[in-house]
Amino acid sequence: MNRRKFLFGAAGVGLASALILKPSDRGVPYSHYFKELNNELIANGPYRPSLLIDLDRLDRNINRLLLDMDKQLSYRVVAKSLPSPGLLDYTMKESGTNKLMVFHQPFLNHIAERFPGTDMLMGKPMPVKSAALFYQKFSNTSGFDPSRQLQWLIDSRQRLNQYQELARQLNVKMRFNVEIDVGLHRGGLQNPAELVLLLDQILADPEHLEFAGLMGYDPHVVKLPKIIKSAETAYAESQSTYQGFLDLLKNSYPHISPKSLCLNGAGSPTVALHKSNTVINDMSAGSCLVKPTDFDLPTLQDFSPAAYIATPVLKKYEFTAIPSIESFKGLISWWDPNTQQSFFIYGGKWMASYESPQGLRDSGLYGSSTNQQMVNGSKSIDLNVDDYIFLRPDQSEFVFLQFGDILAVRGGKIIDQWPILNQ
Ligand SMILES: Cc1ncc(COP(=O)(O)O)c(C=O)c1O
């Protein structure tokens with residue numbers, strides 16, 4: 001082969017592979033659901049980034065959760081995952097529970113005032129100073145009684161000592177739930193023998209301390225790569241670890257009835273596995289009710305996304321112009337049809353994925369902004385200035401707090417606005 005032929009051949013192969021790699025048009029207009037939501041927001045929306053909860057879908061998710069839940073289990077709403085008093089109130093009423101799991105001292109104080117009838121379990125061991133702050137800020141005018149309705153979470157002897165000192169100083173009685181490690185390795189007691197020291201200390205000071213139960217959180221069960229361990233095996237192991245602690249209680253403290261204890265476990269990823277024959281009697285979950293993208297798990301396939309970020313389009317262009325390489329805009333949109341249009345949206349850079357219209361994405365060339373993000377899409381996307389684009393949060397606990405009042409939507413209409421929990 002002569003040199004010329006070789007060069008032509010190589011160029012041909014290069015062009016063919018480039019054409020194979022050339023991105024296809026991924027743009028799809030609004031579905032009926034999002035078209036209706038867009039119309040509603042254009043008519044009645046706040047024209048700023050907002051967080052929407054679809055109550056019809058939330059209802060279905062609550063029903064889904066409760067439908068085949070073991071009737072021996074109580075359901076505890078994870079407050080951090082639905083961080084709005086209005087949303088918590090709605091969820092507690094719809095699911096018929098007064099139990100909450102709380103992770104943040106300001107939320108704890110707020111909830112104790114706003115929902116004095118709740119039963120609260122802390123979801124993480126709080127620094128003792130944070131517990132002290134709770135008592136300092138708490139006024140018992142609401143009727144909430146921490147000595148009966150609140151379980152502090154403890155994970156070590158050292159923390160128990162700190163809390164005991166605080167209880168003595170304040171002359172209050174504190175109830176304790178003990179964090180156990182059922183395989184997640186995020187802390188908690190590693191083996192049942194460690195429980196003896198804690199329990200003996202708690203039982204020796206009934207004026208100030210009370211043992212209320214155990215908490216073993218198990219999301220690792222469904223997150224491990226199958227090649228390492230199947231969900232079934234990981235679940236069976238976590239249950240058997242939990243059972244080891246219950247056996248110790250039964251053998252060494254027979255006067256403590258497990259029925260009188262809060263034996264908490266699960267979380268959205270594993271609720272489906274705790275349906276029957278579980279060692280726990282108290283199941284906490286929150287995220288599955290709104291299903292952010294992190295919860296697109298096989299165990300939650302019957303749950304529907306119920307939360308979206310909606311934000312207006314501020315500017316629209318029929319090209320993507322990048323500073324200093326403006327003259328390449330034709331080439332850029334020829335190469336990738338998904339850059340045929342560029343939109344600047346109100347806000348951006350949230351922990352979220354573009355949902356509708358489909359095929360939108362952050363501009364990889366322009367850089368990102370929390371003020372006016374450039375979003376690209378093909379000409380198949382029929383989107384104009386003042387229309388809304390919709391994103392699905394990756395998680396709820398942090399993202400929900402970034403938009404002010406949550407918009408509650410039913411039948412495609414905004415029917416309520418719920419303030420978020422104050423920091
Ligand atoms: C102790 C504990 N229990 C339960 C949950 C489950 O919460 P969710 O169902 O919202 O994922 C969490 C989440 O972080 C947790 O830390």
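The values are calculated or read from the model by the stated rules, or taken from the named source; none is laboratory data. Everything quoted here is computed from the prediction, not taken from an experiment. Note that each Cβ is placed from the backbone with ideal geometry, even for glycine, and that neighbours are counted across all protein chains shown.
So which residues in segment 403-423 are assigned to a strand (DSSP E or B) and among the charged types (D, E, K, R)? Hits for segment 403-423 are R410, K413, D416.
Can you work out which of the residues in segment 281-306 that are over 19 Å from R60 (Cα atoms) and within 11 Å of the ligand (Cβ to nearest atom) is surrounded by the most Cβ atoms within 10 Å (Cβ to Cβ)? The qualifying residue surrounded by the most Cβ atoms within 10 Å (Cβ to Cβ) is D282. Using the structure shown, decide if K223 is modelled with pLDDT under 95, within 16 Å of the ligand (Cβ to nearest atom) and either within 28 Å of A167 (Cβ to Cβ) or not aromatic (F, W, Y) (or both). Considered against the rule, which asks whether it is modelled with pLDDT under 95, within 16 Å of the ligand (Cβ to nearest atom) and either within 28 Å of A167 (Cβ to Cβ) or not aromatic (F, W, Y) (or both), K223 comes out as yes.
Scanning segment 198-220 for residues that are of a type in the set (A, V, I, L, M, F, W, C) and either touching a Lys or Arg at 6+ places or on another chain (Cβ under 6 Å) or within 13 Å of the ligand (Cβ to nearest atom) (or both) yields A212, L214, M215.
Picking from D218, D145, D155, D200, which residue would you name as being among the acidic types (D, E) and touching a helix residue (DSSP H, G or I) at 6+ places or on another chain (Cβ under 8 Å)? Going through D218, D145, D155, D200 in turn, just one is among the acidic types (D, E) and touching a helix residue (DSSP H, G or I) at 6+ places or on another chain (Cβ under 8 Å): D218.
Can you tell me which residue is farthest from the chain's Cα centre (by Cα) among those in segment 364-387 that are buried (at least 18 other Cβ atoms within 10 Å of the Cβ) and of a type in the set (S, T, N, Q)? Looking at the filtered set, the residue picked out is S378.
Residues in segment 357-402 that are part of a loop (DSSP other than H, G, I, E, B) and more than 16 Å from the ligand (Cβ to nearest atom): 23 in all. Cβ separations smaller than 9 Å between residues 6+ apart or across chains give the following pairs from segment 368-394 residues that are over 15 Å from S50 (Cα atoms) to residues that are basic (K, R) and part of a loop (DSSP other than H, G, I, E, B): S368/K349; S369/K349; Q373/K349; G377/R26; S378/R26; S380/R26. Among the residues of segment 259-298, those that are part of a helix (DSSP H, G or I), in contact with a Ser or Thr (Cβ under 9 Å, 6 or more places away or on another chain) and either under 20 Å from A352 (Cβ atoms) or small (G, A, S) (or both) comprise S268, P269, A272, S287, C288, L289, T293, D294, F295.
Residues in segment 63-120 that are within 13 Å of the ligand (Cβ to nearest atom) and aromatic (F, W, Y) were compared, and the one that is nearest to Q151 (Cα to Cα) is F103.
Against the conditions (1) among the hydroxyl-bearing types (S, T, Y); (2) more than 18 Å from P192 (Cβ to Cβ); (3) surrounded by 22 or more Cβ atoms within 10 Å (Cβ to Cβ), S276 satisfies every one except (3).
All of F319, F343 fail the test of being in contact with a Gly (Cβ under 9 Å, 6 or more places away or on another chain), among the aromatic types (F, W, Y) and in a strand (DSSP E or B), apart from F343. Taking segment 249-258 as the range and being part of a helix (DSSP H, G or I) and either touching a Cys at 6+ places or on another chain (Cβ under 7 Å) or more than 19 Å from G216 (Cα to Cα) (or both) as the test, the residues that pass are N251, S252.
The residues on offer are S50, S31, and the sole one that is surrounded by 20 or more Cβ atoms within 10 Å (Cβ to Cβ) and away from the ligand (no atom under 14 Å from the Cβ) is S50. Per the conditions (1) under 30 Å from W152 (Cβ atoms); (2) surrounded by fewer than 17 Cβ atoms within 10 Å (Cβ to Cβ); (3) among the aromatic types (F, W, Y), the sole criterion not satisfied by Y235 is (2). Taking the criterion of being more than 16 Å from the ligand (Cβ to nearest atom), touching a residue at least 12 places away in the same chain (Cβ under 8 Å) and within 30 Å of the chain's Cα centre (by Cα), the residues of segment 240-257 that qualify are Q243, G244, L246. Within segment 218-258, the only residue that satisfies the criterion of being among the aromatic types (F, W, Y) and touching a Ser or Thr at 6+ places or on another chain (Cβ under 8 Å) is Y235. Of the helices (runs of 4 or more DSSP H) entirely within segment 86-169, those holding at least 2 residues that are of a type in the set (A, V, I, L, M, F, W, C) and closer than 24 Å to M283 by Cα occupy 105-114.
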